[in-house]
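S.K.: Okay, handing you the structure first.
The values are calculated or read from the model by the stated rules, or taken from the named source; none is laboratory data. Keep in mind that this is a model prediction, so the values were computed, not measured. Positions of Cβ are generated from backbone atoms using ideal geometry, with glycine treated the same way; all protein chains shown enter the neighbour counts. SASA here: full protein model, heavy atoms, side chains in, ligands and nucleic acids out. Shrake-Rupley method; radii C 1.70, N 1.55, O 1.52, S 1.80 Å.
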Amino acid sequence: MDIILIIKEYIKKLSENYKNESTDHYDFWNEHIKYVYIESIKLAKKYNADIEIVSLAALLHDVALIKKVGTKKEHHINGKIIADEILTNYNYPKQKKEKVLNCIMNHRSSKNATTKEELCIADADILSHFDNIPMQFDLAFNKFNKNLYNVREFLLDWFEKDYNDLSDETKQEFKTRYQEICKIVLGK
Ligand SMILES: [Fe+2]
Ligand SMILES: [Fe+2]
């Protein structure tokens, strides 16, 4: 079977386990990873990046969180270690594996990206938020204790920060969408 399909099934299964066993019952696959996966492939096509590397990195970039290994602060480092073990088990070629691992290591900001593939993952991680606005409301209400009267301001800041974290290239393409979200969803 294709390595991407194998890893996709593996991550879906891990996500299902997380959903059933954790206290927050967060659905990593449906609320986050699938969006990062879709957006990263679109960006890879746009920027002529390696689609296989980008696909695997998108699927594995938050594996440490889904497996509940270590802290959130270090999930890129632990994720790299876990992904290394997984890909090595499937005899994935070393050179390609290193590229996937570097995407995971540098996924937390487009400013850290050193290759087109790394940039696709960092940007797609952010774009996933724009694809899933209900989740941002859920976070605001349930994690950050916002209410109807302060949620707009909170999310305007939240999306502004997200937008500013995008690479300059991706910012250009998403400017209109970002402005529409602010206007239509948040009334600004
Ligand atoms: Fe992450
Ligand atoms: Fe992520």
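S.K.: Which of (1) farther than 23 Å from D27 by Cα; (2) open to solvent by 30 Å² or more (accessible area, probe 1.4 Å); (3) not acidic (D, E) does F144 not meet, given it meets every other one?
M.R.: (1)
S.K.: In the range 74-117, how many are charged (D, E, K, R) and within 13 Å of ligand 1 (Cβ to nearest atom)? Before you say what the answer is, go through the steps one by one.
M.R.: Residues of the range 74-117 that are charged (D, E, K, R), as a first pass: 74, 80, 84-85, 94, 96-99, 108, 111, 116-117.
Checking the rest, the ones that are also within 13 Å of ligand 1 (Cβ to nearest atom) come to 74, 80, 108.
Number of matching residues: 3.
S.K.: From the set of residues in the range 48-71 that are of a type in the set (G, A, S) and open to solvent by less than 50 Å² (accessible area, probe 1.4 Å), which is farthest from ligand 1 (Cβ to nearest atom)? If you could, list the steps in order and put the result at the bottom.
M.R.: We begin by selecting, within the range 48-71, every residue of a type in the set (G, A, S); these are 49, 55, 57-58, 64, 70.
Still in the list and also open to solvent by less than 50 Å² (accessible area, probe 1.4 Å): 49, 55, 57-58, 64.
Working: A49: 19, S55: 16, A57: 11, A58: 11, A64: 8 Å.
Taking the candidates together, the pick is A49.
S.K.: Filter the range 18-37 down to the residues that are exposed (fewer than 15 other Cβ atoms within 10 Å of the Cβ) and in contact (Cβ under 8 Å) with a residue 40 or more places away in the chain and list them by number.
M.R.: S22
S.K.: Can you find, within the range 147-172, the residue that is nearest to the chain's Cα centre (by Cα) among those that are farther than 13 Å from H129 by Cα and open to solvent by 100 Å² or more (accessible area, probe 1.4 Å)?
M.R.: Filtering the range 147-172 for residues that are farther than 13 Å from H129 by Cα and open to solvent by 100 Å² or more (accessible area, probe 1.4 Å), the one nearest to the chain's Cα centre (by Cα) comes out as D168.
S.K.: Now a separate question. Can you work out which of the residues in the range 107-129 that are within 15 Å of ligand 2 (Cβ to nearest atom), modelled with pLDDT under 95 and not in a loop (DSSP other than H, G, I, E, B) is least open to solvent (accessible area, probe 1.4 Å)? I'd like the intermediate steps shown before the answer.
M.R.: Restricting attention to the range 107-129, the residues satisfying the condition of being within 15 Å of ligand 2 (Cβ to nearest atom) are 107-110, 112-113, 118-129.
If we keep only those that are modelled with pLDDT under 95 as well, we get 108-110, 112-113.
Then drop every residue that is not not in a loop (DSSP other than H, G, I, E, B), which leaves 110, 112.
Working: S110: 12, N112: 74 Å².
By that ranking, first place goes to S110.
S.K.: List every residue pair whose Cβ atoms lie under 6 Å apart, where the two residues are 6 or more positions apart in sequence or sit on different chains, the first residue falls within the range 62-80 and is under 21 Å from K12 (Cβ atoms), and the second residue, located anywhere, is of a type in the set (S, T, Y).
M.R.: I66/S15; I66/Y18
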